[in-house]
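Below: one structure, written as structure tokens.
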Amino acid sequence: MTAHPELQGASDEDGAPFFSERRRRMQRVVVWVGIVVLVLPGVLVAAGVAQSTANRTCAAYVGYLKPDAAGYAAPFELFGAGGPGWQCYAVSSSGPHTFVGPLGLIPSAPRPHEGVAT
């Protein structure tokens, strides 16, 4: 006989799941929504900072390398001329874009070229 009579007949091995299928499905949905809510703002902020940095870096490079250009463009391209990442283009007043250079997947501030006194 057991020391706890209230547990007589209870079995942990009855084969039934602890929670119902509906409750487990809801828990999975809540966990996935929580993960998305935690990760998505960081991804959006990182993309915004990268876009802003790419635009400023491209503006500096175009101003230095193509001073006669009417503007610049810094799109993110998976299959661009410089490989995947941010690409820098000089825009002429007549409209065509001239490739200036790749800025990479994570753009950084412009660096002076070798031989340029800082």
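The values are calculated or read from the model by the stated rules, or taken from the named source; none is laboratory data. Note that the structure is predicted; figures quoted are calculated from it, not measured. Heads up, the Cβs are rebuilt from the backbone with ideal geometry, glycines too, and the neighbour counts pull from every protein chain shown.
Among the conditions (1) charged (D, E, K, R); (2) exposed (fewer than 10 other Cβ atoms within 10 Å of the Cβ); (3) modelled with pLDDT of 80 or more, the only one that residue 24 does not satisfy is (2). Of everything in the stretch 81-99 that is under 24 Å from the mean Cα position of the chain (by Cα) and buried (at least 17 other Cβ atoms within 10 Å of the Cβ), the residue that is farthest from residue 48 (Cα to Cα) is 89. When residues in the stretch 68-116 are screened for being basic (Lys, Arg) and modelled with pLDDT of 90 or more, 0 of them pass. Comparison of 62, 33 shows that the only residue that is in contact with a strand residue (DSSP E or B) (Cβ under 9 Å, 6 or more places away or on another chain), of a type in the set (Val, Ile, Thr) and in a helix (DSSP H, G or I) is 62. Do you know which residues across the stretch 54-80 are farther than 16 Å from residue 96 by Cα, surrounded by 15 or more Cβ atoms within 10 Å (Cβ to Cβ) and of a type in the set (Phe, Trp, Tyr)? Answer for the stretch 54-80, where residues must be farther than 16 Å from residue 96 by Cα, surrounded by 15 or more Cβ atoms within 10 Å (Cβ to Cβ) and of a type in the set (Phe, Trp, Tyr): 61, 76.
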